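The values are calculated or read from the model by the stated rules, or taken from the named source; none is laboratory data. Everything numeric in this text was worked out from a predicted model, so none of it was measured. No Cβ is skipped: glycine too gets one built from the backbone with ideal geometry, and neighbour counts run over all protein chains shown.
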Amino acid sequence: MGNSLGCVGLGERLAAAAKDGDAAEAQRLLAANPGLARCTTFGNLNSPLHVAAAKGHHEIAALLLENGADVNARNIYGQTPLMQACRFGHWEVVQTLLVWRVENLSGRTALHMAAAGGHVKCVRLLVADAAGDRDGSSSEVAAMVISSWLIDRYVNKAANGGVTALHLAALHGHVECVHLLIDERASLAAQTLPCAAPPMASIGAGSTPLHYAACGGEVKCCQILVSRGADRTAINCNGWLPIDAARIWGCNWLEHVLSPKSHLPIPKFPPSGYLSQPLPSLIAIAREQGLNLSSEVSDGFDEGADACAVCLERPCTVAAEGCDHELCVKCAMDLCSVIKSYDSAGIAGEIPCPLCRTGIASFRTTAAPPPPSLAGSPARRSRRNNSGGGGGEHEVSNSGGSEKGYGSIDPDAGAVVPLYYAPPFAPSAILT
């Protein structure tokens, strides 16, 4: 009995450390009892991994996974840690969980939560994971066909009431999510079912994403849907056109967009800036190599190995196809998760190389794989010291002061610039 109570006390301390982001405390507790990572007896059956995911502490999430935490554990509401991370928009936690092969195709998926919350970076990662490994043993054409089918099945998966992720993004007016989902082949004709839950039930069964966008009241969402072929004459089971739904919800400003008789031009939209071609290849590589979040990584590789030009901490383990510039897998994942893409020679979804601005469509592993001591994935488990950060932003000393260096991933700047690199032109030249 005493031992049981002691374990409960330690488990509560681990949950508190996961909530507060105290990596040192979490590591001490797990070193004493790794089984604490699998405990699911806290409030609402949330495991420490649920707590870390909801709070956005990706390093603690990785530490828990290394110690045996169940990546697919569900609380009393049926929610997994991935769903919690997507609900609150913690894309770095989503990265970590996807690398650990989280189950991503059940019920009201994490994609629905990310879309409802407008977390486009999470949507980007989830869709890339659904694409699967395009570099398998099958032919390139067959791999692309399979990848397309997997994305279509995942993006158009309906939750209760037939509601898709596109329905939810449109209802809540999340323009970037609507744009990305449409470009990832979300169905514009998907219809809801009579068993939809409130408030969706009041919109009516048989409603398309355009009906939901009409109720949401966001002009640009409606414009994107119409420009990509959404039917303004679709009638739901209430007998409503999308324009009728807009009027009933008091969104009269949408009439010029939704009226089937409108002759006003609808703007054309380029491919979404959140398409990311390299992400599927990077997720596959990260599952073999790990994300290498540990602070001791910087001292763990050979002196002759090239350090990543972005973080200057980890060895280069991936190379961009085309320009062959090398980065560590963590910085490459961050780059492709947060930086907007641009059209290069008519190819949507290419990510600009941080060193030469060449469009990157995929990554490959470098010739020399990292030593086993650097592994941090399900394939290569090793205990990491999480007392430090995992790269990204650096403080650079300058005349006794400190300032943010160039070695960080900055989505607003539109590029990742290494500490010793002088860009040939302003980062604003990249589409933001």
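Numbers at a glance
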| read-out | value |
| --- | --- |
| Among (1) surrounded by fewer than 24 Cβ atoms within 10 Å (Cβ to Cβ); (2) in the same structural domain as Tyr212 (by TED's automatic domain parsing) - the single one Ala110 does not satisfy | (1) |
| Criterion: modelled with pLDDT of 70 or more, surrounded by fewer than 16 Cβ atoms within 10 Å (Cβ to Cβ) and of a type in the set (D, E, K, R) - qualifying residue of Arg101, Arg87, Arg74 | Arg101 |
| Given (1) modelled with pLDDT under 90; (2) more than 14 Å from the chain's Cα centre (by Cα), index of the condition Gly173 fails | (1) |
| The stretch 184-211 - residue that is part of a helix (DSSP H, G or I) and modelled with pLDDT under 95 and, of those, surrounded by the fewest Cβ atoms within 10 Å (Cβ to Cβ) | Ser202 |
| Members of the stretch 190-207 found to be touching a Gly at 6+ places or on another chain (Cβ under 9 Å) and aliphatic (A, V, I, L, M), listed by number | Ala190, Leu193, Ala196, Ala197, Met200, Ala201, Ala205 |
| The stretch 297-351, residues that are over 15 Å from Arg364 (Cβ atoms), among the hydroxyl-bearing types (Ser, Thr, Tyr) and at pLDDT 90 or above | Ser337 |
| Count of residues meeting criterion [closer than 16 Å to Ser272 by Cα and either in contact with a Cys (Cβ under 7 Å, 6 or more places away or on another chain) or touching a residue at least 24 places away in the same chain (Cβ under 8 Å) (or both)] in the stretch 312-345 | 8 |
